[in-house]
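The values are calculated or read from the model by the stated rules, or taken from the named source; none is laboratory data. Here the structure is a predicted model, which means the values were calculated and not measured. FYI the Cβ positions are ideal-geometry reconstructions off the backbone, even for glycines, and counts take in every protein chain you see. Accessible surface is based on the protein model in full, side chains and every heavy atom, while ligands, DNA and RNA are left aside. Shrake-Rupley method; radii C 1.70, N 1.55, O 1.52, S 1.80 Å.
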Amino acid sequence: MSGPAAPDFIRYLAAKKGLDDRSLNRQVWDHLVRVVRDRADSAPLRVLEVGCGIGTMVERLLDRGLLTRAAYTGVDVEPKFIRAAALRLKDYAAGCQVPLIVDAGGAMLFATPAQDVRITFEAADLFDFLDREPGKVAWDLLIAHAVLDLIDLPTALPRLLSCLVPGGLFYFTLNFDGATILEPPIDPNLDALIEALYHRTMDTRRARGRPSGGSRTGRRLFGGLREAGARLIAAGSSDWVVFPGPDGYPGDEAYFLHYIIDTIGRALHVHSQLPASRFQAWIAQRHRQVEARELIYIAHQLDFLGYI
């Protein structure tokens, strides 16, 4: 089998929610919960999430009771993701049997006896959004979930941190850090070459004329945060580990694996260092391993919590 015929990024984002849930570093998360709950300010917590995708992080924050009195804004460049996030939130509220009120400005009000949260999603380019924000809103908590390895860290990080109030928190999660592991091996030498070349595409990627991410963002955040004047509270690994159990892969994670394989295939499909026939055979065999419930996938990532 060659995997899904038409890769669907929205389905991919939904498929990995459970994987993200179990991968987030527990120590870093627990520190975040303690700091937010010990917050002395009685005003609503102002939360900005950049690259919010289809809104899985705000669902997670609501699920785990971290948002009690809050104003959350999620920003993503893709309008279709923002539309999907709004629809998912409506379904989430219906599942919780909570009325979701949409005000005149399009904000969604999520209110329960334990929570009073105003949620706004906006389709905007990150840098355009940051350009218009100085002096308007200062945020108490900045979240970047699985997104900092897709943007130019030296350019973006100081601008992102400048959005925070003094003492404001940042929570940066699932930052890729240089290891893509697929087991069982097919051809160890070919496997290693494909991994190296795939990571190189991350290091040379450009989006809208700008450098866009890197394969070692996780480790580089330590120095980048220090240079930006930020202070770390906690950091730890948040590796993705996907493997088949007795009943196969959890949830829709077989689709997630097919999507990862297709992503590697698209990134390297005309690479001069890869014989096309061998590479296509490698891609096809990885898809067959998923269908046979054999493939194990590991990606090394890091989570960070700190303040400015």
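List of remarks:
- Between helix 26-37 and the chain: long-axis angle, C-alpha atoms, 0 to 90°, nearest 10: 10
- Our estimate of slack between ASP128 and ASP63, defined as 0.36 nm per intervening residue step minus the Cα-Cα distance, is 20.3 nm.
- Positive-pole candidate from TYR92, LEU32, TRP139, dipole of segment 1-154, charges at beta carbon: TYR92
- ASP203-ASP239 FRET efficiency (beta carbon distance; Förster radius 22 Å; 0.05 resolution): 0.60
- With all protein chains modelled, accessible area of GLU291 [1.4 Å, Å²]: 90
- Amide H contacts of ALA71 (H built 1.01 Å from N, in plane; Pro and chain starts excluded): LEU45, ARG46, VAL47, ARG118 sit under 5 Å, all sequence-distant by 5 or more or on other chains.
- Solvent-accessible area of HIS258 with every protein chain in place, 1.4 Å probe, in Å² to the nearest 10: 10
- Counting only protein chain heavy atoms and rolling a 1.4 Å probe, the accessible areas of CYS96, CYS52 rank, largest first, as CYS96, CYS52.
- Most mobile listed residue (THR56, THR173, THR155) in the chain, GNM with C-alpha springs under 10 Å: THR155
- Evaluated with a Cβ-only charge set (Lys, Arg +1; Asp, Glu -1), the chain carries a dipole of roughly 440 debye about its Cα centre, given to the nearest 20.
- q = 0.13, 0.19, 0.20 Å⁻¹, segment 21-170: log10 I(q)/I(0) [Debye, one scatterer per Cα]: -0.58, -1.33, -1.48
- Shape of segment 219-307, Cα gyration tensor, a/c cut at 1.5: oblate
- Euclidean distance between Cα centres, segment 270-300 to segment 159-178, Å: 34
- In sequence order, calculated HN-Hα J values of segment 115-132 (Karplus, 6.51, -1.76, 1.60; Hz; x Gly/Pro): 9, 9, 10, 9, 10, 10, 10, 9, 8, 7, 5, 3, 6, 5, 4, 5, 4, 8
- Residue by residue, segment 182-197 carries 3J(HN,Hα) couplings of 10, 10, x, x, 9, 9, x, 5, 5, 4, 5, 5, 5, 4, 5, 5 Hz when phi is fed to the Karplus relation 6.51 cos²θ - 1.76 cosθ + 1.60 (θ = phi - 60°); x denotes Gly or Pro.
- Listed residues ASP20, ASP187, ASP203, ASP131 arranged by accessible area, highest first, probe 1.4 Å: ASP131, ASP203, ASP187, ASP20
- Working from label points 7 Å from Cα in the Cα-to-Cβ sense, the ARG34 to ILE101 distance is 3.7 nm.
- Close Lys pairs in the chain, defined as Cα atoms under 25 Å apart and 8 or more places apart or on different chains, number 5.
- Protein-only accessible surface order, largest first, of VAL33, VAL102 at 1.4 Å: VAL102, VAL33
- Rolling a 1.4 Å probe over the protein heavy atoms gives segment 45-192 an accessible area of 40 Å² per residue.
- The accessible surface of the chain, taken with every protein chain in place and a 1.4 Å probe, is 54 percent carbon and sulfur.
- For HIS300, the solvent-accessible surface with a 1.4 Å probe is about 50 Å², rounded to the nearest 10.
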